[in-house]
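The values are calculated or read from the model by the stated rules, or taken from the named source; none is laboratory data. Because the structure is a prediction, the values reported are computed rather than measured. Reconstructed Cβ throughout: ideal geometry from the backbone, glycine too, with neighbour counts over all protein chains shown. Quick note on the areas: whole protein, heavy atoms, side chains included, nothing else; ligands and nucleic acids left out. Shrake-Rupley method; radii C 1.70, N 1.55, O 1.52, S 1.80 Å.
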Amino acid sequence: MKIYVDNAATTKMSRAAVEAMLPYMSEIYGNPSSLHSDGQAAAEALYSARERIAAVLGCTAKEITFTSGGSESDTQAIITAAKLGESKGKKHIISTAFEHHAVLHTLEALEKQGFEITLLDIDEYGLITAEQVKNALREDTCLVTVMFANNEIGTIQPIGEIGAVCRAAGVLFHTDAVQAVGHLNINVIEQNIDILSLSAHKFHGPKGAGVLYARKGIALQNVIFGGAQERGKRAGTENIPAIMGMAKALEDSAANISANSEKLIKMRNRLINGLSEIPHSILNGDREKRLPGNVNFCFEGIEGESLLLLLDDKGIAASSGSACTSGALDPSHVLLALGRPHEIAHGSLRLSLSVENTDEEIEYIITAVKEVVEYLRSMSPVWRDLVSGKKEFVIK
Ligand SMILES: *Cc1c(COP(=O)(O)O)cnc(C)c1O
């Protein structure tokens, strides 16, 4: 048995997306900047992809810039708003403590350049409110950047409300929507989003392709310099095959959001209910306001790493925290921001589902996690101390 439940780290490409890419590797391989007909065929494909992606987001083709993925889009979005702000003497940015590192590390770099960063506290379920954003706004705020949905604990923020607060104050609003696009309904106009990042490999498209949406009138700042591609805002020959695969994957996932979420939410809730039966366990994130496929638990007295390895032995590909931080032994910054103490944050498990998972797999996972947690606890000196009362349980 091989079960893949790490879709927040990356997804398998859909057959349709793979097929949409193939002609652009072998037949229509021209450079879209070339004037000859081979180049122009590629340029036309590129334009059609731009229009199709814009249609899904509710914007115009001109507002779409192709990038190499979520990290690049986040970086360019934040650098753009910072440079625009700086030119007006505004050097204050509002964000949250549980953003992706692509956002947090860009903010840290700006802090070294004299920007002031306010990271809003999240509540125990991983949510912030538009009110918090409103209260944090200052005369010199140039950007609010809040992720649409969290990659570790799946919480969905009130993006439309936050967007409205920013719009009313005339402050740019960026959202890292990498986990949300293709999974939740998004419309940049209705949700008052000025700048948005997305990445194809999180919705069954190829790796290394992403989009930066920037509302008309926002002059993007380059982070990659060179040729005049993407209206001079992002140099480098466009990755046409990946862009075509991304457009196809996006159209397909957007068209199936309701059917897919209904199926995912059923499996997710069954998984949450099953794992909740494990004593001294706790669900991370909000029960309702969470991504349809996200499950994230902490188990007391367990090391996340050992849990993952033993689950892998049983054929289950899962994750603790995010793909970018696992490997490092540091506990997840998201779980720490939630207020989980270090020893608890270490024992986390993230299961992120796709519609390819089945009810049988969910039952198998519940049984396997219960067995592995019990086994690890039976060998853990920490657990022995907890059971004997020498130490107090953090998770009741
Ligand atoms: C995956 C992810 C990113 C990074 O996207 P890449 O395309 O891998 O660079 C950024 N933000 C969030 C929320 C993500 O889940």
Inset, instruction - Whole Å is fine, so just give me how far the alpha carbon centre of the range 209-250 lies from that of the range 1-20. - result: 24
Inset, instruction - Enumerate the amide H contacts of Gln179 below 5 Å, restricted to partners 5 or more residues apart or on another chain; note that Pro and chain-start residues carry no placed amide H. - result: Ala149
Inset, instruction - Sort the range 65-199 into rounded, prolate or oblate with this rule: let a ≥ b ≥ c be the square roots of the eigenvalues of the Cα gyration tensor; rounded if a/c is under 1.5, and if a/c is not under 1.5, prolate when a/b is larger than b/c, oblate otherwise. - result: rounded
Inset, instruction - Report the charge-dipole magnitude of the range 15-255 in Debye, nearest 20, computed about the Cα centre from +1 at each Lys and Arg Cβ and -1 at each Asp and Glu Cβ. - result: 620
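I need the trypsin sites (Lys or Arg not before Pro) found in the range 148-238, filtered to DSSP loop residues with at most 14 other beta carbons within 10 Å of theirs.
Numbers: sites: Arg167, Lys202, Lys207, Arg215, Lys216, Arg231, Lys233, Arg234; in loops: Lys207, Arg215, Lys216, Lys233, Arg234.
Loop-located and lightly packed - Lys216.
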Legend entry - Net dipole in debye of the range 1-86 [+1 Lys, Arg Cβ; -1 Asp, Glu Cβ; about Cα centre; nearest 20]: 240
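On alpha-carbon atoms, Rg over Rh for the range 15-255 using Kirkwood Rh? Display every interim value, and only then the final one.
Numbers: Rg = 17.8 Å, Rh = 18.1 Å.
Ratio value, two decimals: 0.98.
Where only protein heavy atoms count, and the probe is 1.4 Å, what is the accessible area per residue for the chain in Å²?
On the way: 16820 Å² over 396 residues.
Here the per-residue accessible area is 42 Å².
What dipole magnitude, in Debye to the nearest 20, does the range 85-219 give about its Cα centre under +1 on Lys/Arg Cβ and -1 on Asp/Glu Cβ?
Numbers: 11 positive and 16 negative charges, 122 e Å.
Here the range 85-219 has a charge dipole of around 580 debye.
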Inset, instruction - Report, to two decimal places, the Cα Rg of the range 333-396 normalised by 2.2 N^0.38 Å (N = number of residues). - result: 1.40
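Restricting to the range 170-226, what percent of DSSP beta bridges are antiparallel, rounded to 5? Don't skip to the answer; put the middle values down first.
Details: 5 of 9 bridges.
Around 55 percent of the beta bridges assigned by DSSP in the range 170-226 are antiparallel ones.
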Inset, instruction - Please say if the range 281-375 is rounded, prolate or oblate, where rounded means a/c under 1.5 for a ≥ b ≥ c the square roots of the C-alpha gyration tensor eigenvalues, and otherwise the choice is prolate for a/b larger than b/c and oblate otherwise? - result: oblate
Legend entry - Sequence-separation-based contact order of the chain, relative, with Cα cut under 8 Å and 6+ spacing, percent: 21
Inset, instruction - Could you tell me which of Ala337, Gly304, Val387 has its Cα farthest along the dipole of the range 257-388 towards the positive end, charges placed at Cβ (Lys, Arg +1; Asp, Glu -1), taken about the Cα centre? - result: Ala337
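Near Ser320, within a Cβ-to-Cβ distance under 10 Å, what is the net charge of the other residues, with Lys and Arg +1 and Asp and Glu -1? Write out the running numbers ahead of the final one.
Details: positive: Arg350; negative: Glu152, Glu303, Glu305.
My count for the surroundings of Ser320 gives -2.
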Legend entry - Residue among Leu283, Ala77, Ala209 farthest towards the positive dipole end of the chain, charges placed on Cβ: Ala77
Legend entry - Restricting the range 1-77 to GluC sites (Glu not before Pro) in coil, as DSSP defines it, with at most 10 other Cβ within 10 Å: Glu27
Inset, instruction - Using only Cα atoms, find the angle between the long axis of helix 101-112 and the longest principal axis of the chain, and express it within 0 to 90 degrees, rounded to the nearest 10. - result: 70
Inset, instruction - Quick one: what are the phi-derived ³J(HN,Hα) couplings along the range 357-365, Karplus 6.51/-1.76/1.60 with θ = phi - 60°, whole Hz, x for glycine and proline? - result: 5, 10, 4, 4, 4, 4, 4, 4, 5
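How do the peptides 97-108, 176-187, 285-296, 354-365 rank, highest first, by the average count of neighbouring beta carbon atoms within 10 Å per residue?
Values: 97-108: 20.0, 176-187: 23.7, 285-296: 22.0, 354-365: 16.8.
Sorting 97-108, 176-187, 285-296, 354-365 by mean packing, highest first, produces 176-187, 285-296, 97-108, 354-365.
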Legend entry - Protein accessible area in the range 15-255, 1.4 Å probe - carbon and sulfur %: 52
Legend entry - Leading residue at positive end of dipole, the chain (Cβ point charges), from Thr237, Ser14, Phe148: Thr237
Inset, instruction - With θ set to phi - 60°, apply the Karplus curve 6.51 cos²θ - 1.76 cosθ + 1.60 along the range 27-37 and write out the HN-Hα couplings as whole Hz, x wherever there is a Gly or Pro. - result: 9, 9, 10, x, 8, x, 8, 6, 7, 5, 5
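Over the chain, what is the percentage of antiparallel beta bridges among all DSSP beta bridges, to the nearest 5? Display every interim value, and only then the final one.
Numbers: 20 of 39 bridges.
Antiparallel bridges: around 50 percent, rounded to the nearest 5.
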Inset, instruction - Note the angle between two axes, namely the Cα long axis of helix 304-313 and the longest principal axis of the Cα atoms of the chain, as a number of degrees from 0 to 90, rounded to the nearest 10. - result: 90
Inset, instruction - Report the relative contact order of the range 2-96, percent, no decimals, based on alpha-carbon pairs under 8 angstrom and at least 6 residues apart. - result: 10
Inset, instruction - Taking the chain as the reference, fit the longest principal axis to its C-alpha atoms, fit the long axis of helix 257-276 to the helix C-alpha atoms, and give the angle between the two in degrees, 0 to 90, nearest 10. - result: 20
Inset, instruction - Return, ordered by residue number, the residues of the range 61-103 whose backbone nitrogen is under 12 Å from a label point located 7 Å along Cα→Cβ of Glu139. - result: 90
